[in-house]
1. Using each residue's phi in the range 424-436, evaluate 6.51 cos²θ - 1.76 cosθ + 1.60 at θ = phi - 60° and report the 3J(HN,Hα) Karplus result to the nearest Hz, with x for Gly and Pro.
2. Pop out the carbon and sulfur fraction of the accessible area of the chain as a percent, whole number, probe 1.4 Å.
3. Ignoring ligands, DNA and RNA, what accessible area per residue does the chain give at 1.4 Å, in Å²?
4. May I ask for the Kirkwood hydrodynamic radius of the chain, worked out over all distinct Cα pairs and given in angstroms to one decimal?
5. Of the DSSP beta bridges with both residues in the range 135-276, give the percent that are antiparallel, rounding to the nearest 5.
6. Which cross-chain or sequence-distant (5 or more) residues have an amide H under 5 Å from the amide H of residue 337, H modelled 1.01 Å from N in plane?
7. Using unit Cβ charges (K, R positive; D, E negative) and no other charged atoms, how large, in debye to the nearest 20, is the dipole of the chain about its Cα centre?
8. 222 nm [θ] for the chain, helices only, -39500 (n - 2.57) per DSSP H run of 4+, per residue, to 500?
Amino acid sequence: MKNETNGQKPLWRITDNERRIILLLGDTLSAGIALIASLYFWSTKDLWMDFTWQSLLKRTPNWYYFLPFVWLLILIELYDINRAGRRGDTVRGLTVSTIISTVLYLLIFFISEPNSLPRRGVAVFIAAAAGLTLLWRLLYIRVFTAPVFLRRVIIIGAGRAGSTLAEEMTKIKPQPFCLVGFVDDDKKKIGNIITGVPVFGSSKELIQIIERENATDLIFSISGDMQPSMYSAILAAEEKGIAINTMPVIYEGLMGRVPIALLGDDWVLRSFVDRAHAPESYELIKRLMDIIGSIFGLIFLGLIYPLIALIIVIDDGFPVLFKQIRVGKNGKKFVLYKFRSMKKDAEEDGIARFAVENDDRVTGVGGFLRKSHLDEIPQFINVINGDITLVGPRAERPEMVEDLQKDIPFYRARLFVKPGVTGWAQVNYGYASNIEETAIKLEHDLYYIMHRNFMMDLLIIIRTLGAVVGFRGL
């Protein structure tokens, strides 16, 4: 992430929250124009008397005016700042949002009374909203991801934590901000090039470096002892209006996961426990969501069970359901239910193994069940029982937990909450087939536990629906 603006001062230091507001304003305008267009074409095609305010009030059902809000809700995945800056993710996200909108409307349409819902009006709205939103999002990418709008950042500390953060940032496209360099009091590091950017100098030159490089932000990334002069220099920079952030906060915001390899042994007690407690109101809403979701899920299970059972038996015989002991909240064990997707002798030696993509233990039908996520449907039995929730970390086997906690720091911290049918780690990373990949999934799980809220759960559910529609495994 080299300095692409050659010291040029940014036109506007746009924060992530400001970017979300900009995106929301553009999306709202697009949805509003789409609503007006759909009302016009619907009314003229159906020969209303006039396209006037009075005729709209008379002929248009009240729920129709809520379509823009529903559209914005379905777009929630596209408010991830990193995804919003990439054309490919934007096109894919809008395609999935359009499909979900269409499927939801068709479901409502076919269970409603005949001729009670306007097919033409809703179809025009979905098409117009998708097209206008796409044009706006491409304009946003063209304008607001330009280097002149990026914050200019200096990392305080060029050691392991600072260099790791810089290395991770170089992998993000488009770049989240312009990293201009490091400042470090270690004389051996001054003048070196680390991850493509220089170590400018020590804390004594910090203010001069900030002014020379037109820096707007400092990221504090010193994990060891800090010189008093560095502390004084950072305070002086803050007095001049420079934004100060810490490495874990920036890492979490950019990567959507917790940097467990860079945290101290006391992190769980010092930071995690306090941030992991959710309000009682959230827990109540979450349980209501679980009950409602599991009721619909169990109805769907009852409808598909005979067919799924038949094809499983024809393909690989009995049993139809797969039952396995898993570990839940606070280490409590329970029996998890799924449709069987693996061969009956998948682990005949009794040794627990990682589930991987394109696993050779999967049956022919099992591959389809996994890709379509139909194998997960019996888990709604566990949801209604309270063993698991709709959204949370994936439930693991007791023997896997015992082994993994020996190699991965803070692994048992994921047992602070109930496991889920889907989760933040699943929608962001997918299968983990070794210790290193499992550690990355744990970073996502811990991030979810510390940041979980109703809107985040809703985002995960929508992204899961997108994976189902796209026939992608989780």
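The values are calculated or read from the model by the stated rules, or taken from the named source; none is laboratory data. Remember, predicted model here, so these are calculated numbers, not experimental data. Cβ coordinates were reconstructed from backbone atoms using ideal geometry, including for glycine residues, and neighbour counts include every protein chain displayed. In case anyone asks, the SASA skips ligands and DNA or RNA and just uses the protein heavy atoms, side chains included. Shrake-Rupley method; radii C 1.70, N 1.55, O 1.52, S 1.80 Å.
1. 4, 5, 5, 6, 9, 10, x, 6, 10, 10, 7, 4, 4
2. Whole-percent figure for carbon plus sulfur exposure: 61.
3. Value for the chain: 50 Å² per residue.
4. Evaluated over the chain, this radius sits at 25.4 Å.
5. Around 10 percent of the beta bridges assigned by DSSP in the range 135-276 are antiparallel ones.
6. Under 5 Å from the amide H of residue 337 lie the amide H atoms of 382, each far enough along the sequence or on another chain.
7. 1040 debye
8. -16500 deg cm²/dmol
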